[in-house]
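The structure under discussion appears below in the form of structure tokens.
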Amino acid sequence: AQSVAQPEDQVNVAEGNPLTVKCTYSVSGNPYLFWYVQYPNRGLQFLLKYITGDNLVKGSYGFEAEFNKSQTSFHLKKPSALVSDSALYFCAGRSGGYQKVTFGTGTKLQVIP
Amino acid sequence: SAVISQKPSRDICQRGTSLTIQCQVDSQVTMMFWYRQQPGQSLTLIATANQGSEATYESGFVIDKFPISRPNLTFSTLTVSNMSPEDSSIYLCSVEGQLSPTEAFFGQGTRLTVV
């Protein structure tokens, strides 16, 4: 069975500082990995994905994520956090094709002015 | 990308009643997915809906409680039947793009409160 873990329920970071939201995965075969963001009372918005190729993936709103096969991790990063980045972030993964997507438990990011 | 319209956006319902949530996509898609997000929790897949066949339900979800229709390639409905307060959640419709592999696209969700 596949699984996605987000070890931190909440991450606090000062505005302007770099941020990292952690994600580890257990997916058979070649993993397809995703990050989504959810603002209050909104649906999920896609940020970025890793399918194949470069381990560093760039996405929307200045976010990027690094795929690390040896550590089975896909951490979300941003060089300089904005207050408007405060939201709930979900990591998700699947083993490819039209297989079921498994979501992590979510990490609440709080950017402090 | 796909644009997904979900209705209603929110509702407050009496226990014992049923609510039907609609999901409309701006393009034809093979599979549509229904998720539940309970308060403060992650997304849990309820079922996968294919056009022309019965929906496939995940463990813990049954058709009598969550009947799903998929009459065509752009539309689906999820009904939450005989509701109880434990059904209070956000229900999300999701589709995948027609080219694989790709990300999933989500509707804005339906926030359901059962009183």
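Take the conditions (1) within 14 Å of the chain's Cα centre (by Cα); (2) at pLDDT 95 or above; (3) crowded, with 16+ Cβ neighbours inside 10 Å; B:Ala55 misses just one of them, which is (2).
Residue-level check: of (1) under 11 Å from the mean Cα position of the chain (by Cα); (2) facing another protein chain (nearest Cβ under 9 Å); (3) without any contact (Cβ under 8 Å) to a residue 24 or more places away in the chain, A:Phe34 misses just (3).
Reported count of residues in the stretch B:103-115, each being assigned to a loop (DSSP other than H, G, I, E, B) and away from chain A (no Cβ under 11 Å), is 1.
Quick grid of which residues meet (1) at pLDDT 90 or above; (2) within 19 Å of A:Tyr39 (Cα to Cα); (3) open to solvent by 70 Å² or more (accessible area, probe 1.4 Å):
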| residue | (1), (2), (3) |
| --- | --- |
| B:Gln6 | yes, yes, no |
| B:Arg15 | yes, no, yes |
| B:Cys23 | yes, no, no |
| B:Thr30 | no, no, yes |
| B:Arg36 | yes, yes, no |
| B:Gln41 | no, yes, yes |
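Note on the stretch A:44-70: residues that are under 14 Å from A:Val27 (Cβ atoms) and surrounded by fewer than 17 Cβ atoms within 10 Å (Cβ to Cβ) total 4. Within the bounds of the stretch A:39-61, is there any residue that is closer than 17 Å to B:Gly40 by Cβ, in a strand (DSSP E or B) and facing another protein chain (nearest Cβ under 10 Å)? Looking through the stretch A:39-61, at least one residue is closer than 17 Å to B:Gly40 by Cβ, in a strand (DSSP E or B) and facing another protein chain (nearest Cβ under 10 Å).
Might you let me know whether the stretch B:68-90 holds any residue that is under 16 Å from A:Thr102 (Cβ atoms) and open to solvent by 10 Å² or more (accessible area, probe 1.4 Å)? For the stretch B:68-90, residues under 16 Å from A:Thr102 (Cβ atoms) and open to solvent by 10 Å² or more (accessible area, probe 1.4 Å): absent.
Look at A:Lys77 and say whether it is open to solvent by 20 Å² or more (accessible area, probe 1.4 Å), among the charged types (D, E, K, R) and over 19 Å from A:Gln45 (Cβ atoms). So A:Lys77 fails the test. Is at least one residue of the stretch B:91-101 surrounded by 18 or more Cβ atoms within 10 Å (Cβ to Cβ) and more than 14 Å from chain A (Cβ to nearest Cβ)? Taking every residue of the stretch B:91-101 in turn, none turns out to be surrounded by 18 or more Cβ atoms within 10 Å (Cβ to Cβ) and more than 14 Å from chain A (Cβ to nearest Cβ). Remark: A:Val101 falls outside the filter, which requires a residue to be touching a Leu at 6+ places or on another chain (Cβ under 8 Å), surrounded by 16 or more Cβ atoms within 10 Å (Cβ to Cβ), hydrophobic (A, V, I, L, M, F, W, C) and free of Cβ contacts under 8 Å to residues at least 24 places away in the same chain.
The values are calculated or read from the model by the stated rules, or taken from the named source; none is laboratory data. Keep in mind the model is a prediction, meaning the values are calculated, not measured. Backbone-built Cβ (ideal geometry, glycine too); neighbour counts: all protein chains shown. Areas reflect the complete protein model, heavy atoms only, side chains present, ligands, DNA and RNA absent. Shrake-Rupley method; radii C 1.70, N 1.55, O 1.52, S 1.80 Å.
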